[in-house]
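*Asks:* One structure, pasted below without further comment.
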Amino acid sequence: MHLRKGTDAPRSLNAATLFGVLAGIFTLLLITAIALLVADQRKLLDSVTQLRTQALPTSIEQQRLARNIETLRLEGERVLSASTPQARQQAMFVVNLMASHPSILGNPRARDIATETELFLTRVTRGEQGDSAVHAEWAQLSRRLSLAADDISVEAVSLARGEVATMGAVIEGAQQKLYATLAITLVFVIVLLLLMHRRLILPLQRIDATLKTLGKTAPVLDLPPGSLHEIKAIEGAIGQLHDILQKHEETRDELERLAATDMLTGLNNRREFMHIAAGEVARSQRYGRPVTVGLADLDHFKRINDQHGHAAGDLALRAFADLVRSTLRHADTAGRYGGEEFAFVFPETTPEEAAVLSNRLRSRLDAMVIALPDGATLRMTLSIGIADASVRSLEEALSVADQALYEAKASGRNTVVLRPMAGLSILPPDFDH
């Protein structure tokens, strides 16, 4: 075999170096962006704390103060418009209460105008001012009270609005940084995909196309130069690969056969049986056809090993495997499930039909006499559990078959137990029709 490469190839790059540099650049940019986002998050948390601990409480106090001033003004109106002395005294009591309220006393502007209002209304109540001067002076005081309440309300709203605006600015800045981070990530992904496509995927596709032409004729390989050092190493190894494939073709076939076959009995091993059975169950369920599975166990097999030795046990297992091959149909699949336990799958077969086949196998084994090299003979019996697999997964069906096998053992062995979708059927020993 010959391997021919392109000439005048550019100097190859090491994949680890190339992608390491890209990853380092991206990581640095990402860490920077994350650090900026964390800083914005801290600012936002500070603004929220400021709003929660200072701005909102202050705003609420200001609103309460404005409401108290407005209450003071309204009660002053009641003092002037009261029709009875009692009503005037009640209104005046509220005026005195509002004028001495802690929120008003804590604000110099509100305290001054509240004190002035209280004194004015006190004089009016005592009759120390004439009616003509009262209404003119009260109009001015009422307007000043309204303006003071409005100004304080506006200040309260402005205080909260300022903190909210600060939070909005921080959020907007963080959003822009997040967009920038996403853009950086997107650019990095695009660059990475382009580099992978040009320097990795395309060379690998060319190598794959060449590998598909490899065969026993040992063709000449005309591979274009790869841009990555690792690709060139792969290209150089293709020649060795072809030689190895030629030398080990027969070995590979033998290994595949051994991997699927039980060495002692020649039946499918458990892994291969599960693979074949899964395919049969899936096919049957896809087309709505019947399929049945079974588990069988040689009764008292340990006695054979104990009384006649393991060589006799191996001979008995091989004899049983030959009986299985001669009894089951070509479409049926058998496998050694483990030890003296065997598994079966019966495609296009109802549980009742599979029970007939299983009972036939059981009865033939019951009648078979196995001659041992030392002149002794031995006989074996078989217990079998049958389960419908047309509406179950393979694992569930095998579990049900295992339960049926347990029932067969418990009922005296040398029998076939059918466990359909509901109920349990123990077949008599002479059931074979």
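*Asks:* Do we find that Arg286 is surrounded by fewer than 13 Cβ atoms within 10 Å (Cβ to Cβ), assigned by TED's automatic domain parsing to the domain that holds Glu272 and of a type in the set (Lys, Arg) in this structure?
*Replies:* Working: surrounded by fewer than 13 Cβ atoms within 10 Å (Cβ to Cβ): yes; assigned by TED's automatic domain parsing to the domain that holds Glu272: yes; of a type in the set (Lys, Arg): yes.
Yes: the conditions hold for Arg286.
*Asks:* Go through the residues of the stretch 139-151 one by one and say whether even a single one is at pLDDT below 80 and out of contact with any strand residue (DSSP E or B) (no Cβ under 9 Å at 6 or more places or on another chain).
*Replies:* Let us first name the residues in the stretch 139-151 that are at pLDDT below 80, namely none.
Scanning the stretch 139-151 turns up no residue that is at pLDDT below 80 and out of contact with any strand residue (DSSP E or B) (no Cβ under 9 Å at 6 or more places or on another chain).
*Asks:* Out of everything in the stretch 296-344 that is within 20 Å of Ile276 (Cβ to Cβ) and of a type in the set (Lys, Arg), what residue ends up being surrounded by the fewest Cβ atoms within 10 Å (Cβ to Cβ)?
*Replies:* Arg329
*Asks:* Filter the stretch 155-169 down to residues that are free of Cβ contacts under 8 Å to residues at least 40 places away in the same chain and among the hydrophobic types (A, V, I, L, M, F, W, C), then give me how many there are. Talk me through it step by step, then tell me what you get.
*Replies:* Pass one, the stretch 155-169, residues free of Cβ contacts under 8 Å to residues at least 40 places away in the same chain: 158, 161, 165, 168-169.
Of the ones still in play, those that are also among the hydrophobic types (A, V, I, L, M, F, W, C) are 165, 169.
Residues in the stretch 155-169 being free of Cβ contacts under 8 Å to residues at least 40 places away in the same chain and among the hydrophobic types (A, V, I, L, M, F, W, C): 2 in total.
*Asks:* Could you tell me which residue of the stretch 139-168 is farthest from Leu74 (Cα to Cα), considering only residues that are surrounded by fewer than 15 Cβ atoms within 10 Å (Cβ to Cβ) and among the aliphatic types (A, V, I, L, M)?
*Replies:* The selected residue is Ala165.
*Asks:* Out of (1) exposed (fewer than 13 other Cβ atoms within 10 Å of the Cβ); (2) in the same structural domain as Val400 (by TED's automatic domain parsing); (3) among the small types (Gly, Ala, Ser), what's the single condition that is false for Ala259?
*Replies:* So the condition that Ala259 fails would be (2).
*Asks:* While we're on this one: Looking at (1) within 27 Å of Val191 (Cβ to Cβ); (2) among the polar types (S, T, N, Q); (3) modelled with pLDDT of 75 or more, can you tell me which one Ser103 breaks?
*Replies:* The failed condition is (1).
*Asks:* Identify, please: which residue in the stretch 106-138 is polar (S, T, N, Q) and modelled with pLDDT under 85 and is, among those, surrounded by the most Cβ atoms within 10 Å (Cβ to Cβ)? Step through it out loud before you land on a result.
*Replies:* Quick first cut of the stretch 106-138, residues polar (S, T, N, Q) only: 107, 115, 117, 122, 125, 129, 132.
So of that shortlist, the ones also modelled with pLDDT under 85 come out as 107, 117, 122, 125, 129, 132.
Details: Asn107: 19, Thr117: 24, Thr122: 15, Thr125: 18, Gln129: 14, Ser132: 8.
Per the criteria, the residue is Thr117.
*Asks:* Go through the stretch 289-309 and give me each residue that's farther than 20 Å from Ser363 by Cβ, in contact (Cβ under 8 Å) with a residue 12 or more places away in the chain and part of a loop (DSSP other than H, G, I, E, B).
*Replies:* Arg289, Pro290 - these are the residues of the stretch 289-309 that are farther than 20 Å from Ser363 by Cβ, in contact (Cβ under 8 Å) with a residue 12 or more places away in the chain and part of a loop (DSSP other than H, G, I, E, B).
*Asks:* Name every residue in the stretch 22-51 that is among the basic types (Lys, Arg) and surrounded by 14 or more Cβ atoms within 10 Å (Cβ to Cβ), in order of residue number. Give the steps one after another, and end with the answer.
*Replies:* Here is the first cut: in the stretch 22-51, the ones among the basic types (Lys, Arg) are 42-43.
Residue satisfying the conditions is Lys43 alone.
*Asks:* Residue check: is Ile152 part of a helix (DSSP H, G or I), closer than 15 Å to Ala33 by Cα, touching a residue at least 12 places away in the same chain (Cβ under 8 Å) and assigned by TED's automatic domain parsing to the domain that holds Leu18?
*Replies:* On the way: part of a helix (DSSP H, G or I): yes; closer than 15 Å to Ala33 by Cα: no; touching a residue at least 12 places away in the same chain (Cβ under 8 Å): yes; assigned by TED's automatic domain parsing to the domain that holds Leu18: yes.
So Ile152 does not fit the description; no.
*Asks:* Residues that are more than 30 Å from Leu159 (Cβ to Cβ): find the helices (runs of 4 or more DSSP H) completely inside the stretch 40-140 holding 2 or more of those.
*Replies:* Details: elements: 56-81, 85-99, 102-105, 108-126.
Result: 56-81, 85-99, 108-126.
*Asks:* Of Leu97, Leu182, which residue is surrounded by fewer than 13 Cβ atoms within 10 Å (Cβ to Cβ), at pLDDT 80 or above and not acidic (Asp, Glu)? Steps first, answer last, please.
*Replies:* On the way: Leu97 fails: surrounded by fewer than 13 Cβ atoms within 10 Å (Cβ to Cβ).
Exactly one of Leu97, Leu182 is surrounded by fewer than 13 Cβ atoms within 10 Å (Cβ to Cβ), at pLDDT 80 or above and not acidic (Asp, Glu), namely Leu182.
*Asks:* Could you please let me know if Glu118 is acidic (Asp, Glu) and under 14 Å from Glu70 (Cα atoms)?
*Replies:* Working: acidic (Asp, Glu): yes; under 14 Å from Glu70 (Cα atoms): yes.
Taking the combined requirement at face value, the residue satisfies it.
*Asks:* In addition: Tally up the residues in the stretch 357-375 that are buried (at least 16 other Cβ atoms within 10 Å of the Cβ) and either aliphatic (A, V, I, L, M) or over 57 Å from the mean Cα position of the chain (by Cα) (or both), please.
*Replies:* Looking only at that region, the number is 4.
The values are calculated or read from the model by the stated rules, or taken from the named source; none is laboratory data. Since the model is a prediction, treat every value here as computed from it, not as a measurement. Every residue, glycine among them, receives a Cβ derived from its backbone with ideal geometry; neighbour counts consider all protein chains shown.
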